[in-house]
Amino acid sequence: MNAVPRNAPCPCGSGRKHKLCCGTTRDEERNAREVLEWVVALPQDFPHLRPSSRSFDRWADGLDDLAQVPAVIAEGAGQLGPRERRRLARAFERLVPGAEVAMPLFLAAAVTAALGERARPDSRWLELLEHDPELRADPAETLACVLEAGDVWSLVESGAADTAIDDDTLARQAKHMAARKHRKRLARLVGRLAAFEPCACHPRAWEAIAAACASFERDRGLRERVLVVLLTDSLDRAWERPLLRAA
């Protein structure tokens, strides 16, 4: 983004205002902001654009504080390794051709999204689970309540599933779209959830979470049901904002 004020003298020494000389137009500035906003949103909307290498996972899992401060994010970008960096770079270039200058911003957003996956469940959902016995009685609903649908399903997949006309159709679409990468992501998320220390303020919620995580490990049918419930929960995203171009 241009750091020189639009009405300041142009740094090139022409004597003209920056906006009338080397500066960008309002439309160019607006387009640049839109591209940057899109770049930052990509890893939030597309889980496969987040780091997933052994070196990065070891580093992130070893953090005591997941506060997403610039120093931590920069350190995380350095933990990617050449292979993972190339994978993310290729994916980014396919989605945003010719925007190599925004690559550092994209990597920072990718690290931020990956750290967000490791945060404790939101207290709002724990509160809901604590006071809803029907929700606690269903392991799939219990897990879907405290997991983020966007950590498993991408925005494009949510948009495709939004065409389902009933629950049976949605379940078939989930089965059709679910691949090894979705099941692998879900297993990682449930594994991290099971590792959290319960808090005394939501004892029934954490008891239900522990039981659901244990069932998840041994019940393949439950794993598939969690994928369907999370895909259902993700449909709101298809309405909240349009699909990101042709991504």
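How tilted is helix 103-116 with respect to the longest principal axis of the chain? Cα atoms for both, answer in degrees (0 to 90, nearest 10). Approximately 20 degrees, to the nearest ten.
When 158, 55 are compared by accessible area at a 1.4 angstrom probe, the order from most to least is 55, 158. Most mobile of 176, 202, 18 per a Gaussian network model of the chain (Cα springs, under 10 Å)? Answer for the Gaussian network model of the chain: 18. Heavy-atom accessible surface of the stretch 58-103, averaged per residue, reaches 65 Å², computed with a 1.4 Å probe. Using a cutoff of 8 angstrom between alpha carbon atoms and counting only pairs six or more residues apart, the relative contact order for the chain works out to 21 percent. With a Förster radius of 41 Å applied to the beta-carbon distance between residue 163 and residue 12, the computed FRET efficiency rounds to 0.20.
So, with +1 on the Cβ of K and R and -1 on the Cβ of D and E, and no other charges, what is the size of the charge dipole of the chain about its Cα centre, to the nearest 20 debye?
That gives a dipole near 1400 debye.
In terms of packing, defined here as the mean over residues of other Cβ atoms within 10 angstrom, the peptides 206-217, 105-116 line up highest first as 105-116, 206-217.
The values are calculated or read from the model by the stated rules, or taken from the named source; none is laboratory data. The structure presented is a predicted model; accordingly, all values stated were derived computationally and were not measured. Methodologically, a virtual Cβ is constructed for each residue, glycine included, from the backbone with ideal geometry; neighbour enumeration extends over all protein chains shown. With ligands, DNA and RNA removed, areas are computed over all heavy atoms of the protein, side chains included. Shrake-Rupley method; radii C 1.70, N 1.55, O 1.52, S 1.80 Å.
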